[in-house]
Amino acid sequence: MKITEHLENAKETLFSFEILPPLKGQSLKELLEGISPLMEFKPPFVDVTYHREEYIYKKHPNGLLEKISTKKRPGTVGICAAIMNRFQIDAVPHLLCGGFTKEETENALIDLNFIGVENVLALRGDAPKTEGKFIPEPDGHHFASELVEQIVRMNNGKYLHEETETSFHTDFCVGVAGYPEKHFEAPSMKFDLKRLKEKVDKGAEYVVTQMFFDNQKYFEFVDQVREAGINVPIIPGIKPITTIGQITMLPRTFFLDLPDALMDELEKCKTNAEVREVGIEWSINQCKELVKAKVPSLHFYTMSKASTTYAIAKEVF
Ligand code: FAD
């Protein structure tokens, strides 16, 4: 079923979450067993992230370095199939501009359609860590809005090459990303909102937000989004802090602020266990307020730590 249908049919706030494929060399078994307990909260859909190639350097005996392209977390499409098969719920693969030509995107969408995927989250992706800025593939997309456009064209039976005989069109529901604290490359919030509107105008039907820790930022974002003339559902992304390292890593990586009241509590923590306790408590309060405000779904970034999400959901749903 389409995400938009799930949201329309819902009488109250839904529970959904996002998982990462396991690292290459690890099995899927632990991941699927790990998320099993979350089925208690009846998620209608689960997102599966996509990870583009990274570069590693191999040193040869003669001292030369070989640059090798590798994918550390392949398997997004296979995991979607496994989730749909095992839990009988929808899986939403993330699809990136980065690392894909338009032709590869078209073929990926055909694969997804053939395995029964009905929703995709269309994203630009980031630059690989070794590159300073995002560079599309030759004949790839520069921005998520272009990817949305390609998916919608396929939904209308328009493939890349006129020679493709089309007796069939896809019917994907497309989601996109939104940033309550602004995307880090956008010169201003107003600019970023215009770009978000482009994605929606081109056919995106819902938005999932970057994580945030201050609900006020989400509420203000939704107000600004509506003022900009965007009327699709805005699903808030929730991530509990669970380790001391995340206190600096999350703001650095995702360009967000931690509220003073949260920091006051985190600064008292000496161990990861204490941080996790504070993080869970904070998320529970955040989620309860968001449910009260009737948000469409609480979308958890599990980062493959389902037990933390479980502890929060148990108190909220
Ligand atoms: P875009 O919407 O293309 O925007 C990127 C930047 O370009 C913004 O600053 C925007 O303002 C600007 N921009 C857009 N259009 C134009 C234009 N026409 N002209 C000039 N500027 C423009 N990354 C992964 O690698 N894998 C994942 O699975 C993944 N999942 C994510 C899920 C969610 C919910 C979120 C919020 C992010 C996720 N990301 C993921 C991270 C995402 O790829 C990065 O944040 C990336 O930097 C931006 O992606 P986007 O789709 O928002 O890009």
Inter-part gap, Cα centre of the stretch 256-272 to Cα centre of the stretch 81-103, in whole angstrom, is 35 Å
Here, L160 and K190, labelled 7 Å along Cα→Cβ, have an inter-label distance in nm of 3.8 nm
With the stretch 226-294 reduced to its Cα atoms and the Debye formula applied, log10 I(q)/I(0) at q = 0.18, 0.29 1/Å amounts to -0.76, -1.34
Kindly provide the GluC sites (Glu not before Pro) of the stretch 229-295 that DSSP labels as loop, not H, G, I, E or B, and whose Cβ sees at most 16 other Cβ atoms within 10 Å.
E267
Which residue fluctuates the most in the chain, going by a Gaussian network model with Cα springs under 10 Å, if the choices are Y301, Y55, Y179?
Y55
In whole Å, what is the distance between the alpha-carbon centres of the stretch 178-252 and the stretch 277-317?
17 Å
Enumerate the amide H contacts of V46 below 5 Å, restricted to partners 5 or more residues apart or on another chain; note that Pro and chain-start residues carry no placed amide H.
D90, A91, V92
So what are the ³J(HN,Hα) numbers for the stretch 149-156, from phi and the Karplus equation (6.51, -1.76, 1.60; θ = phi - 60°), rounded to whole Hz, Gly and Pro as x?
4, 5, 5, 5, 4, 5, 4, 9
Computed P(r) (all Cα pairs; the stretch 67-218; 10 Å bins; percent)
10, 36, 36, 16, 2, 0
Would you work out what percent of the accessible area of the chain, with all protein chains in place, is carbon or sulfur (probe 1.4 Å)?
52 percent
Beta bridges per DSSP with both ends in the chain, % antiparallel, nearest 5:
20 percent
Straight-line reach from K29: which lysines have a Cα under 24 Å away, not including same-chain ones fewer than 8 places off?
K42, K71, K72, K239, K305, K314
Which whole-number value in Å² is the accessible area per residue of the chain, probe 1.4 Å?
50 Å²
Just to check I understand the Karplus step: with θ = phi - 60° and J = 6.51 cos²θ - 1.76 cosθ + 1.60, what whole-Hz values come out for the stretch 75-85, glycine and proline as x?
x, 3, 5, x, 5, 4, 4, 5, 5, 5, 5
Suppose we keep just the alpha-carbon trace of the chain; what are its Rg and Dmax in angstrom?
19.9, 66
So which GluC sites (Glu not before Pro) in the stretch 109-198 pass both tests, a DSSP loop state and at most 15 other Cβ atoms within 10 Å of the Cβ?
E131, E162, E163, E165, E185
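Taking a 19 Å limit on the Cα-Cα distance, which of the listed pairs K11/K217; K217/K288; K2/K217 fall beyond it?
Numbers: K11/K217 25 Å; K217/K288 16 Å; K2/K217 28 Å.
Correct reply: K11/K217; K2/K217.
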Within a Gaussian network of the chain (alpha carbon springs, distance under 10 Å), most fluctuating of D111, D264, D90:
D264
Please sort by residue number the trypsin sites (Lys or Arg not before Pro) in the stretch 125-185 whose DSSP state is loop and whose Cβ has at most 14 other Cβ atoms within 10 Å.
K129, K133, K158
How large is ³J(HN,Hα), in whole Hz, for each residue of the stretch 183-194 in order, when computed from phi with the Karplus curve 6.51 cos²θ - 1.76 cosθ + 1.60 and θ = phi - 60°, using x for Gly and Pro?
5, 4, 8, 6, x, 7, 5, 4, 4, 4, 5, 5
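The values are calculated or read from the model by the stated rules, or taken from the named source; none is laboratory data. Given the structure is predicted, the values throughout are model-derived calculations rather than measurements. Neighbour counts are summed over all protein chains in view; Cβ atoms, including those assigned to glycine, are modelled from backbone coordinates with ideal geometry. Remember, those area values only see protein heavy atoms, side chains included, never the ligands or the DNA or RNA. Shrake-Rupley method; radii C 1.70, N 1.55, O 1.52, S 1.80 Å.
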